[in-house]
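Below is one structure, written out as C-alpha cells, with a few remarks after it.
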Amino acid sequence: MEDLRVVYESRNRRSCSDRALVLAAAHIPYQLIDDGESCALVVLAEHSARAAEELRLYEEENPPVRPKVRKRIIYQDALPGVIGYVLIVCAVAGLAGYSMFGSNWFTAGRVDGNLIRDGEWWRTITALTLHSGVRHLLGNLVFGVFFGIFAGRLLGSGVAWLAIVVSAALGNTANTLLLDSTHRSLGASTAVFAALGLLAGYVWRGQLMAQDRWSTRYGPVIGGLALLMFTGTGDENTDIGAHLLGFVCGFGTGMLLTMIGKMPAPPRTQRVAGAAALAIVATAWLVALQG
C-alpha cells in the first residue's frame, strides 16, 4: 500500500488548484482529492518534503491579499452650520431689500472687478450673501443646506463653514482676476460649489472610500465634476467661472484639511472656526457699509 501524505488542505477549490499547478511545475506527482466540502493535495511520502518546500516558497512569494480597512467616519452635528447659513443669508436679504442703515447693499457688496482690483477685498465675501431675487435666494438656500449638511457631517459645522467661506472668497477673487475688469456678480452659488469641491477633495484625498478600484478611488472627484456640470452651467446669467473656481478652491481646501491635522476637529476648535467664519462675514459687511 502506498504511503501518501497530505501537503495542503483547504475549503477553497481555487487555492488547491493554484497549489496543484505549483507541484506540477516542480514535476512532483500529486492527487487532488475533493469531497465536496474541502479539497486536499496528496503526494507520496518520498515527495512530501520537497512538495512542502515548494508550497512554502509559493506562500512567501504570494502572500494573501488583505483588503484595506475602510476608515471609520465619525459623523458630526451639521445642524448649527446650516442654521447659521440660512439665518445669515436671509438676514442680509431682508436688510438689503430695505436698504437698512441708508446704504445700497447691492452696490456696496457685490463683486465688482474694478473695485476689487483697487483693493476692496471684502466684496469677494459680501457678494456671497447677496441675491438678485427670491428664486435666486431659494435656489442657493436649498443647495447650500444640502451640501452644507454633508460637509458639516464630515468636518464638523465650524470647520466646514470656515473652509467654505474662505474657499468661496478665493474663488470669487480668482474669477475676478481672470475676467474682464468690469465683471460684476453676486450670490451664494460660489459658496455652494466651494462646499461641493470641499467634499470631493476631502473624501478623495482622505481616502474615505475603498481604494481597490479606480472607479471608487476617483468617484468623489467624478461625482463632484458631474454635479458642477449639471447644476453649475445654467443660463446666460450663470457665472460659470465663479462656480468652477469655487469648486476648485474648495477641492484644494478639502485636500489641505486632510494634511494639517486630525479631522473632525474637537468641539472647541469647531466653535472657534465657526466664530471665525461669522466674524469674516460680519467684518466684510462692516467695512463695506462704511465705505
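Pick out, from GLN290, LEU130, LEU170, the residue whose Cα sits farthest towards the positive end of the charge dipole of the chain, with +1 on the Cβ of Lys and Arg and -1 on the Cβ of Asp and Glu.
Toward the positive end, the furthest listed residue is GLN290.
Just for the Cα atoms in region 1-104, what are the lengths along the principal axes, largest first, rounded to whole Å?
107, 27, 17
For Cα extents along the principal axes in Å, several values are listed as [x] 108, 39, 31; [y] 54, 50, 33; [z] 58, 48, 41; flag the one computed from this structure.
Working out Cα extents along the principal axes in Å from the coordinates points to [x].
With +1 on each Lys and Arg Cβ and -1 on each Asp and Glu Cβ, and nothing else charged, work out how big the dipole of the chain is about its Cα centre, in Debye to the nearest 20.
On the way: 24 positive and 22 negative charges, 221 e Å.
Once rounded to the nearest 20, the dipole reads 1060 debye.
For region 98-171 and region 183-207, what is the centre-to-centre distance using only Cα atoms, to the nearest Å?
12 Å
Can you tell me the order of 21-33, 173-185 when each peptide is scored by its average per-residue count of other Cβ atoms within 10 angstrom, highest first?
In descending order of packing, they fall as 173-185, 21-33.
Restricting to DSSP H runs of at least four residues, report the calculated mean residue ellipticity at 222 nm for the chain, -39500 (n - 2.57) per run over all residues, nearest 500 deg cm²/dmol. Could you put the intermediate results ahead of the total?
Working: 13 runs with 186 residues, N = 291.
The per-residue figure over the chain is -20500 deg cm²/dmol.
When you count, for each residue, the other Cβ atoms within 10 Å and take the mean per peptide, how do 79-89, 143-153, 94-104, 120-130 rank with the highest first?
Packing proxy ranking, top to bottom: 120-130, 143-153, 79-89, 94-104.
If packing is taken as the mean number of other Cβ atoms within 10 Å per residue, what is the order of 154-160, 37-43, highest first?
Values: 154-160: 27.9, 37-43: 17.0.
Going by the mean number of other Cβ atoms within 10 Å, highest first, we get 154-160, 37-43.
Could you list, by residue number, the cysteines of the chain that have no other cysteine's beta carbon within less than 4.7 Å of their beta carbon?
CYS90, CYS249
Determine by what factor the alpha-carbon radius of gyration of region 4-61 differs from 2.2 N^0.38 Å, reporting the quotient.
Details: Rg = 10.4 Å, N = 58, 2.2 N^0.38 = 10.3 Å.
Taking the Cα Rg and dividing by 2.2 N^0.38 Å, one obtains 1.01.
Since every read-out is calculated from the coordinates, none of them should be taken as a lab result. Everything numeric in this text was worked out from a predicted model, so none of it was measured. Counting neighbours? That spans all protein chains shown, and the Cβs are built from the backbone with ideal geometry, glycine included.
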